[in-house]
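The values are calculated or read from the model by the stated rules, or taken from the named source; none is laboratory data. Computed from a predicted structure; not experimentally measured. Cβ placement follows ideal geometry from the backbone for every residue including glycine, while neighbour counts extend to all protein chains displayed. What goes into the accessible areas is simple: the full protein's heavy atoms, side chains included, and nothing from ligands, DNA or RNA. Shrake-Rupley method; radii C 1.70, N 1.55, O 1.52, S 1.80 Å.
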Amino acid sequence: PRYRPDWASLDARPLPAWFDQAKVGVFVHWGVFSVPAWGSEWFWWHWQGLHDAAYERFVRRRFPPGTTYAEFAPLFTAHDFQPRQWAQLFQRAGARYVVLTTKHHEGFTNWGSPVSWNWNSVDTGPRRDLVGELGEALRESNLRYGLYHSLMEWFNPLYLADKQTDFKTQSFVLKKIMPELYDLVLKYKPDLIWSDGDWEAPDSYWNSTSFLAWLYNDSPVKDTVVVNDRWGRGCSCRHGGFYNCADKYRPGTLPDHKWEMCSSLDKLSWGYRSSMSLAEVMDEMSMIEELVQTVSLGGNYLLNVGPTKEGVIAPIFQERLLALGRWLDTNGEAIYESQPWRVQMENTTDTVWYTSKGPVVFALFLLWPRDSVLHLSSPIPSPDTQVTLLGFAGTLQWQKHPGEGMLITLPYMLPSPLPPQSGWAVKLEGVK
């Protein structure tokens, strides 16, 4: 059946299965904002949209008088960008898909957009097709490729003119946005389109439904492509493919629609900041906690890094990504291709979360119990119940709890001055 350009029809499209099975992705925020590398990726807006005094002071101190934002573009060199290294890092991090910013709200495109003359990575700055190069490397590593794309551009004269008419005119959409979206899809055949920058205007202004109908009916990726929910004011959490709802969104209970939680290793920004301190970087425990809670509630986890203007992913980000990968090497069986179980978390504590695969149940616990005995009140054991700890050989002893559930005797942990790493998973077979 062909999809009509209306939400009732588009929302009925089944989400391609790969996305729910993937569970883990890496997000990359990279652009001209990586040059000042200060405050956040909204640098231009804070500086010249809001005239924030701190940003004005920063530019006065660091750059010659009269500097414009456009003059940052040649300094966005990507000299050290090695797409294959990035792809290997993301693969070792356990990611199954990667989402790159093709264009943020600043309007600079990381590929040679035919409608972004001289404000793109091929005409200036890197003089390279960043979108294409990374795509090639990711596909060699068997990773799915997602493209982040902002609909709005803060200072684009065409956009500002449409805004003046209260979005009754659409010259920005017809001359800039739609040509770019079609170009991205036809040129790079993405597995995912991560739309953003939609909130100022309704979807009718953006022509979102006609674009999505083409994407689902006639595009080269019509059967595999996945999109999010940011396609116009009021669409978020209501229309589109999977839901993002809001940045760093955390539902308290199991949503009835596929969703994704995007989070950033730098707690204060999505783009790279040269002044970032260690205390502002998410630690390993928080990262694993977010992943476990997200997947138990049926979500995907998209973890962001902001590379430098040269194209380097800071060693601390690499270290965190590799730690996530090591954890997934051991516990991935409880994460990838899993489904939410009938209970998502133990009601007595938010440190035990559940996932399932068919009849098998996984209990993921974030804190090692003091006496090395894990009490699970939700599973109902049977005489045939078998318990194993992922990453540990052999089966574990367990007994029925006099109240409800079961008590599992975990392996003895050697005493250590450091708390053990965070997050383990027991696999329960033969429980209800």
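Okay, here's what the table says:
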read-out: Of residues in segment 325-365 being acidic (Asp, Glu) and either under 15 Å from Asp20 (Cα atoms) or open to solvent by 30 Å² or more (accessible area, probe 1.4 Å) (or both), the one nearest to the chain's Cα centre (by Cα); value: Glu337
read-out: Single residue of segment 273-296 satisfying the filter (out of contact with any Phe, Trp or Tyr (no Cβ under 8 Å at 6 or more places or on another chain) and in a loop (DSSP other than H, G, I, E, B)) that is least open to solvent (accessible area, probe 1.4 Å); value: Met282
read-out: Conditions (1) polar (S, T, N, Q); (2) part of a loop (DSSP other than H, G, I, E, B); (3) farther than 20 Å from Leu184 by Cβ; number of the one not met by Thr224; value: (3)
read-out: Residue match in segment 69-81 (condition: free of Cβ contacts under 8 Å to residues at least 24 places away in the same chain, surrounded by fewer than 20 Cβ atoms within 10 Å (Cβ to Cβ), of a type outside the set (D, E, K, R) and in the same structural domain as Leu324 (by the TED database)); value: no
read-out: Set Ala95, Ala137: member being touching a residue at least 40 places away in the same chain (Cβ under 8 Å), in a loop (DSSP other than H, G, I, E, B) and closer than 30 Å to Glu333 by Cα; value: Ala95
read-out: Tally, over segment 204-220, of residues that are open to solvent by 10 Å² or more (accessible area, probe 1.4 Å) and without any contact (Cβ under 8 Å) to a residue 60 or more places away in the chain; value: 5
read-out: Criterion violated by Leu89 - all others in (1) more than 30 Å from Met287 (Cα to Cα); (2) surrounded by fewer than 22 Cβ atoms within 10 Å (Cβ to Cβ); (3) hydrophobic (A, V, I, L, M, F, W, C) satisfied; value: (1)
read-out: Residue within segment 254-264 that is closer than 30 Å to Asn207 by Cα, of a type in the set (Lys, Arg), touching a Ser or Thr at 6+ places or on another chain (Cβ under 9 Å) and open to solvent by 10 Å² or more (accessible area, probe 1.4 Å) present; value: no
read-out: Tally, over segment 244-276, of residues that are in contact with a Cys (Cβ under 6 Å, 6 or more places away or on another chain) and modelled with pLDDT of 95 or more; value: 0
read-out: Hits in segment 107-131 - residues which are farther than 19 Å from Ile313 by Cβ and either open to solvent by 10 Å² or more (accessible area, probe 1.4 Å) or free of Cβ contacts under 8 Å to residues at least 12 places away in the same chain (or both); value: Gly112, Pro114, Val115, Trp117, Asn118, Trp119, Val122, Asp123, Thr124, Arg127, Asp129
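Rundown of residues vs (1) farther than 17 Å from Gly240 by Cβ; (2) assigned to a helix (DSSP H, G or I), yes/no style:
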position: Arg2; (1), (2): yes, no
position: Ala8; (1), (2): no, yes
position: Gln21; (1), (2): yes, yes
position: Val26; (1), (2): yes, no
position: Ala37; (1), (2): yes, no
position: Trp45; (1), (2): yes, yes
